[in-house]
1. Can you tell me which of SER48, SER184, SER127 moves the most in a GNM of the chain? Springs connect C-alpha atoms under 10 Å apart.
2. With a sphere of radius 13 Å drawn around the Cβ of MET53, what net charge do the other residues whose Cβ falls strictly inside it have (Lys, Arg +1; Asp, Glu -1)?
3. Taking only Cα atoms, what is the 0 to 90° angle, nearest 10, from helix 175-203's long axis to the longest principal axis of the chain?
4. Given the options GLU150, GLU201, GLU166, which has the most mean-square fluctuation in a GNM of the chain, springs set between C-alpha atoms less than 10 angstrom apart?
5. To test your reading of the geometry: what angle, between 0 and 90 degrees and rounded to tens, separates the Cα axis of helix 3-26 from the longest principal axis of the chain?
6. Enumerate lysine pairs in region 40-156 that are 8 or more residues apart or on different chains, then count those whose Cα atoms are under 30 Å apart.
7. What is the extension gain from THR244 to THR33, computed as 0.36 nm multiplied by their sequence separation minus the C-alpha to C-alpha distance, in nm to one decimal?
8. Which percent of the accessible area of the chain is formed by carbon and sulfur heavy atoms (probe 1.4 angstrom)?
Amino acid sequence: MSRAGLLSLQILVGVVLLLIWHVGATIPIFGYTLLPKFFFSTPIDVASRVVQMFAGGKIWGHLYVTLLETVLAFAIGAAGGIAIGFWFARKPLAAAVFDPYLKMVNALPRVVLAPIFMLWLGLGIWSKVALGVTLVFFIVFFNVYQGVKEVSPVVLANARMMGMNERQLFRHVYWPSALSWMFSSLHTSVGFALVGAVVGEYLGASAGLGYLIHQAEGVFDTTGVFAGMVVLAGFVLVVDWVVTLVENRLLHWRPQSAAAQA
C-alpha cells in the first residue's frame, strides 16, 4: 500500500472515532446519551479549548516545562541504558552479579518513587526528570543488552579472523546489531519519558501539562482534561517523528519493508 493510502486509512480511523465520540455525546439514542458531556465533553469543545489555550498563550510556558523534563529524562535515561546495556553485554560476570538487582528495581512501581524523588530533589523539574529516567532507562537497557547478545557468532568469528580489534568490533559489528533494537526501544521510551514528566507534575508541581490537567480535574473541567490529553498526544507524535528521522538517518543501510517501499 502506498504511503498516501496508508495515511488516508489512518485519518479515516481518527475521523470515525471522533464521529462516534461526537454522536455519543450529543445525540440521544433511545432517549439515552451514551457519552454524557459532563464526563466525556465533545470533540468540538475540546478542539475549541485547545485553540484557546494556544491562542491565549497560556499553554506555552507549561508546554516548555514538560518538553524540557521529557527531553532531559529521555536523553539521560536513553544514554544510561545504551552505555550500561553495552557494558553488561560485553561483561557477562557483571551482568550475572547485578541481574537480580536490576530485575528487582525494574519491578518497582514507578509511581511510588515519585514522592521520594520530590523529597530528595524538590518540586522543581529534576524530580520529574528522575521519574522519567527510571521509566526510560530499563526499556533501553534491556533492548540494547539483548541486541548486543544477539550478534551472530559466525559474524563475530569472521570479524576476528579478519583481524578486527575490540574497537573495530564495537563500531562495525556490535553497534549496527544493537541499533535496530535500540531505536525500537526509543520509540517506546518517548511516551514513557512524557508519562514520567506528566505524572510527576500531576502529583506536585507549579507548571507543566500535568499541572494543567490536575487543575482542570480539580474543578471537574472535563473539557480541560481532554484538551490537555490532546496536547500531550500531539507532543508525543512530534517527538516520535523526530526519533524516526534520526533512525532513518542512522539505519539507511537497513532493507526497507514492503510497506515502506510502496
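1. SER48
2. 0
3. The helix 175-203 is inclined about 30 degrees to the chain.
4. Taking springs between Cα atoms under 10 Å, the residue moving most is GLU166.
5. 40
6. Close lysine pairs under the 30 Å cut-off: 5.
7. Going from the current span to full extension adds 71.9 nm.
8. Reported share for carbon and sulfur atoms: 72 percent.
The values are calculated or read from the model by the stated rules, or taken from the named source; none is laboratory data. Keep in mind that what you see is a predicted model, and the values were worked out from it rather than measured. With ideal geometry, Cβ positions are generated from the backbone for all residues, glycine too; neighbour counts draw on all protein chains shown. Remember, those area values only see protein heavy atoms, side chains included, never the ligands or the DNA or RNA. Shrake-Rupley method; radii C 1.70, N 1.55, O 1.52, S 1.80 Å.
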